[in-house]
Structures are given as structure tokens and as C-alpha cells.
Amino acid sequence: MGAPVAAFTRISNDPIQIHCAVYNPDAAAVLDPTLLKTVPVTKGLKEEGTIVINSKENPAEMRKILNMHKGKILTVPASARA
């Protein structure tokens, strides 16, 4: 396992004039599911936000692991498909 990395992307139909970290994202993606045990991957995620996790586990199991009561959780077995 390497060091955890955070990256940010802003998406808009209008020109984006701000170039800094995103502190309250609408969505988050977790490419390495081992980070779920060591990094607060939902920190700052909007209450109604969406998190996409590279995992073969079902979203209900991920909801328990993340202790996430609201928002949407999607899982995709991306590593297995790669």
C-alpha cells in the first residue's frame, strides 16, 4: 500500500475561477478500499452526497463500515474488472 492521495476535480458548465482543495464535495471516489480503515473518506462529504467505492462488497455493507446514514453509496468491483 502506498501513501493516501487526495485529488480534486471541479465540474461546471461555467468557467471555474477557484483553484483550491474541495472541502465539502458532492461526491467522492475511493479507488483503494483498504483506505476505508485508515482514512476518513467521508470527511466533509455533503450529507446528501454520493460515494463510489472500488469494492465487490454491497453498498449496505459499506454503509455499515462507513457509519453513513444518509447519502448514496455505490460499489463497483473495478479492480476485478480491470
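Report, in deg cm²/dmol and to the nearest 500, the calculated mean residue ellipticity at 222 nm for the chain, where each DSSP H run with n ≥ 4 adds -39500 (n - 2.57) and the sum is divided by the residue count.
Working: 2 runs with 12 residues, N = 82.
It lands at -3500 deg cm²/dmol.
Ordering Thr50, Phe8, Thr75 by Cα displacement along the dipole of the chain toward the positive end leaves Thr75 in first place; charges were set at the Cβ atoms of Lys, Arg (+1) and Asp, Glu (-1).
Exposure proxy for Glu48, Glu57: other Cβ atoms within 10 Å of each Cβ, ordered fewest to most, give Glu48, Glu57. Over the chain, the reciprocal of the mean inverse Cα-Cα separation, the Kirkwood hydrodynamic radius, stands at 13.8 Å.
Close amide H partners of Ala27, meaning residues 5 or more places away or on another chain with modelled amide H under 5 Å apart, are Thr50. In straight-distance terms, cross-link reach from Lys70 covers every one of the aspartates and glutamates whose alpha-carbon lies under 17 Å from its own, apart from those fewer than eight places away in the same chain; here that gives Asp26, Glu47, Glu48, Glu61.
Quick note: the coordinates plus some simple rules give every number you see, no bench work behind them. Fair warning: this is a prediction, and the values are worked out from it, not measured in the lab. Counting neighbours? That spans all protein chains shown, and the Cβs are built from the backbone with ideal geometry, glycine included.
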